[in-house]
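What follows is a short report on a single structure.
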Amino acid sequence: MKPTRLFRRRYIPDELIELKDDQILSHEENLIVTKWDVLKPRPDIACGYSAYYIDKGFKISKILDASGNLVYWYCDIIQTVFDEKENAYIFNDLLVDVLIYPDGHTEVADLEELADVLEQNTLPVPVIAQALRITNELLTIIKSGEFAKYIACIPQ
């Protein structure tokens, strides 16, 4: 069997990037946990860990600065496509993001990008509806206090 490969597809800008330097820490049927360094150097963040919840439609990333301090939790709304022949996962970024700061403040980001793809007919309406439903489910998880169980798989 070929080694597992991970890809990130973005719609804005339109790109497909292989996450070839990401280290897979664990891989279960509906959960992949990775460790990674930023693709492009940034002064505010250096590295992190990500948990891809394939069946839930979101990825939770623990974003760390150069000293290893938590900057925030960054949650991407995703749609996963698995290519069995290539043993490759393509994580389509459905644009909406949820950020959770160490003090508990939560914000939803990039809704304007979702509106843009709706107006431009770049993504089908059912995919956009799915992104909104997943975002709502994630916000419910956060508000209910259940978020801790989703980050338990990420190294502390």
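The values are calculated or read from the model by the stated rules, or taken from the named source; none is laboratory data. Because the structure is predicted, anything quoted here is derived from the model rather than measured. Backbone-built Cβ (ideal geometry, glycine too); neighbour counts: all protein chains shown.
When the residues of segment 79-100 are narrowed to those that are hydrophobic (A, V, I, L, M, F, W, C) and within 12 Å of the chain's Cα centre (by Cα), which ends up surrounded by the fewest Cβ atoms within 10 Å (Cβ to Cβ)? Talk me through it step by step, then tell me what you get.
We begin by selecting, within segment 79-100, every residue hydrophobic (A, V, I, L, M, F, W, C); these are 81-82, 88, 90-91, 94-96, 98-100.
Right, trim to within 12 Å of the chain's Cα centre (by Cα) and you get 90-91, 94-96, 98-99.
Details: Ile90: 18, Phe91: 21, Leu94: 26, Leu95: 24, Val96: 22, Val98: 22, Leu99: 16.
Top of the filtered list is Leu99.
Results for (1) touching a residue at least 40 places away in the same chain (Cβ under 8 Å); (2) over 25 Å from Lys149 (Cβ atoms), shown as yes or no for each residue.
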site	(1), (2)
Ile17	no, yes
Asp22	no, no
Lys35	yes, no
Pro41	no, yes
Ala46	no, yes
Asp76	no, no
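Just name the residue that is farthest from the chain's Cα centre (by Cα) out of those in segment 52-72 that are under 17 Å from Asn136 (Cα atoms), in a strand (DSSP E or B) and not aliphatic (A, V, I, L, M).
Residues of segment 52-72 that are under 17 Å from Asn136 (Cα atoms), as a first pass: 53-60.
Checking which are in a strand (DSSP E or B) leaves us with 53, 58-60.
Going one step further and asking which of them are not aliphatic (A, V, I, L, M), we end up with 53, 58-59.
Numbers: Tyr53: 9, Phe58: 6, Lys59: 3 Å.
Across segment 52-72, the extreme among qualifying residues is Tyr53.
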Tyr72 vs (1) in contact with a Pro (Cβ under 9 Å, 6 or more places away or on another chain); (2) within 13 Å of Arg10 (Cα to Cα): all pass except (2)
Within segment 38-60, does at least one residue satisfy the condition of being out of contact with any strand residue (DSSP E or B) (no Cβ under 6 Å at 6 or more places or on another chain), modelled with pLDDT of 95 or more, within 21 Å of Arg133 (Cα to Cα) and surrounded by fewer than 12 Cβ atoms within 10 Å (Cβ to Cβ)? yes
How many of the residues making up segment 1-51 are closer than 18 Å to Asp83 by Cα, hydrophobic (A, V, I, L, M, F, W, C) and part of a loop (DSSP other than H, G, I, E, B)? 2
How many residues does segment 118-156 hold that are over 14 Å from Cys75 (Cα atoms), outside any helix (DSSP H, G or I) and either in contact (Cβ under 8 Å) with a residue 60 or more places away in the chain or in contact with a Ser or Thr (Cβ under 6 Å, 6 or more places away or on another chain) (or both)? 4
